[in-house]
1. Could you tell me whether any residue of segment 256-266 is surrounded by 17 or more Cβ atoms within 10 Å (Cβ to Cβ) and either of a type in the set (Lys, Arg) or under 30 Å from Ser101 (Cα atoms) (or both)?
2. Identify the single condition in (1) closer than 30 Å to Val56 by Cα; (2) in contact with a strand residue (DSSP E or B) (Cβ under 9 Å, 6 or more places away or on another chain) that Ile112 does not satisfy, given that it satisfies every other one.
3. Please enumerate the residues belonging to segment 282-325 that are charged (D, E, K, R) and surrounded by 24 or more Cβ atoms within 10 Å (Cβ to Cβ).
4. Filter segment 220-245 for residues that are farther than 19 Å from Val295 by Cα and surrounded by 19 or more Cβ atoms within 10 Å (Cβ to Cβ) and give the result.
5. Within 14 Å of the chain's Cα centre (by Cα), in a strand (DSSP E or B) and over 23 Å from Val344 (Cα atoms) - does that describe any residue in segment 114-122?
6. Give me the strands (runs of 3 or more DSSP E) completely within segment 256-361, filtered to those with at least 3 residues that are touching a strand residue (DSSP E or B) at 6+ places or on another chain (Cβ under 6 Å) and either of a type in the set (A, V, I, L, M, F, W, C) or not assigned by TED's automatic domain parsing to the domain that holds Ser98 (or both), ordered by residue number.
7. Of all residues being under 43 Å from the mean Cα position of the chain (by Cα) and exposed (fewer than 12 other Cβ atoms within 10 Å of the Cβ) in segment 43-64, which is farthest from Lys77 (Cα to Cα)? Just the residue, please.
8. Give segment 122-146 a look and list any residue that's surrounded by 23 or more Cβ atoms within 10 Å (Cβ to Cβ) and not acidic (Asp, Glu), or say none.
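The values are calculated or read from the model by the stated rules, or taken from the named source; none is laboratory data. The structure presented is a predicted model; accordingly, all values stated were derived computationally and were not measured. Counting neighbours? That spans all protein chains shown, and the Cβs are built from the backbone with ideal geometry, glycine included.
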Amino acid sequence: MPKKTTKRLYLIPILSKALDILELLQSENRPLALEAIHQRTRISKTTVYRILKTFVHRGYLAQSQDGLYRQVTRPKKLRFGFGGQSADLPFSQAVTESLQSAAASAGVDLLILDNRYDAATAVANAEEFIRSRVDLVIEFQVEQQVAPIIADRISAAGTPLIAIDIPHPHATYFGVDNYRVGFEAGELLANYARENWGGKVDWILGLDLEEAGPLVQSRITGAFEGVRSLLDGPAVESFVRIDCRGLRDKSHKVVSDFLKRHPKDKHILIATATDTSALGALAAVREHKREKHVVIVGQDALPEIIEEMRKPGCPVIGSVSHEVSQYGPSLIQLGLALLQGQTVPPYNYVQHKMIGRSEAAALA
């Protein structure tokens with residue numbers, strides 16, 4: 001019979017134990033007492049004591065006055081948690097891609113979880129960030145009702161929080177100036193009505209996003225004020241807000257229903273909270289062959305909406321670009337500043353710009 005052989009492992013037992021202790025302190029990322037290290041590793045207390053003292057002597061660990069040990073060399077790579085709004089929404093996808101690129105450039109690890117446009121999922125993801133002991137959380141979720149729950153749990157864990165577009169308690173805000181981007185959308189709609197319809201307007205529709213709360217809803221508030229600033233004619237009852245959740249299908253349905261109820265009106269302005277809503281409204285307008293009676297301005301300047309704007313006779317006349325490419329670098333820089341203890345403003349606004357038909361054509 002052939003002689004049975006086994007592969008020898010040339011391990012050094014005491015070195016393996018020392019690395020077990022060092023890796024424990026790295027993973028916990030907090031000071032630990034000798035007894036706690038002994039309990040967690042099951043290494044004899046005498047051996048743990050000698051290893052710890054050796055690491056302190058060599059400068060790999062520090063011991064505080066209360067006897068706790070912590071790692072002081074080879075700083076741990078920072079890890080940020082990012083709760084994306086929804087992998088199914090183009091703007092959310094663009095934010096995620098921008099953040100991934102910026103994190104890689106800065107040497108920051110990124111734990112990405114999808115909030116799926118759902119409150120319960122967003123809360124569960126926040127709890128996962130806490131369990132994973134990330135250094136900072138960047139939260140992009142639309143449900144204002146759970147914002148206090150998420151923020152309270154993250155704050156209780158002692159983790160800094162940045163909230164994108166929807167304010168959260170205890171969080172540093174990052175996003176657009178919602179009222180201002182809405183106001184500029186309203187101005188564009190009003191100028192179109194003055195130049196093409198002699199200032200006559202039958203209806204001003206605001207396709208809203210109620211669940212995101214007052215700050216995001218101020219996009220539609222701003223749009224209505226932008227229209228009023230340039231047009232004297234529309235009566236109060238001509239301004240109609242409709243909750244579409246920022247979604248294409250729902251926006252298509254509500255606009256389609258509205259056009260059915262008002263078949264003879266020929267001067268309709270539509271301001272939307274998102275380009276996804278704008279695309280739904282556009283589909284409804286084309287379905288009813290009302291392209292000459294309606295104009296639309298969106299938010300986000302998605303590539304699909306820009307492509308639509310280049311088509312002759314398209315009812316979409318503009319979209320406010322939230323400059324999504326700025327999100328990643330700005331968020332990483334803001335996160336690093338918070339972790340370094342720097343004072344940052346409570347509200348941090350990204351730059352924006354209006355993309356009209358001429359700008360859309362130039363982007364071709």
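1. Among the residues of segment 256-266, not one is surrounded by 17 or more Cβ atoms within 10 Å (Cβ to Cβ) and either of a type in the set (Lys, Arg) or under 30 Å from Ser101 (Cα atoms) (or both), which makes the answer no.
2. Single failed check for Ile112: (1).
3. Asp300
4. Hit for segment 220-245 is Arg245, nothing else.
5. Yes, there is a match, as at least one residue in segment 114-122 is within 14 Å of the chain's Cα centre (by Cα), in a strand (DSSP E or B) and over 23 Å from Val344 (Cα atoms).
6. Passing ranges, in order: 268-272, 294-299, 316-321, 353-356.
7. Restricting to residues being under 43 Å from the mean Cα position of the chain (by Cα) and exposed (fewer than 12 other Cβ atoms within 10 Å of the Cβ), the top hit is Ser64.
8. Matches in segment 122-146: Ala122, Asn125, Ala126, Phe129, Leu136, Val137, Ile138, Phe140, Gln141, Val142.
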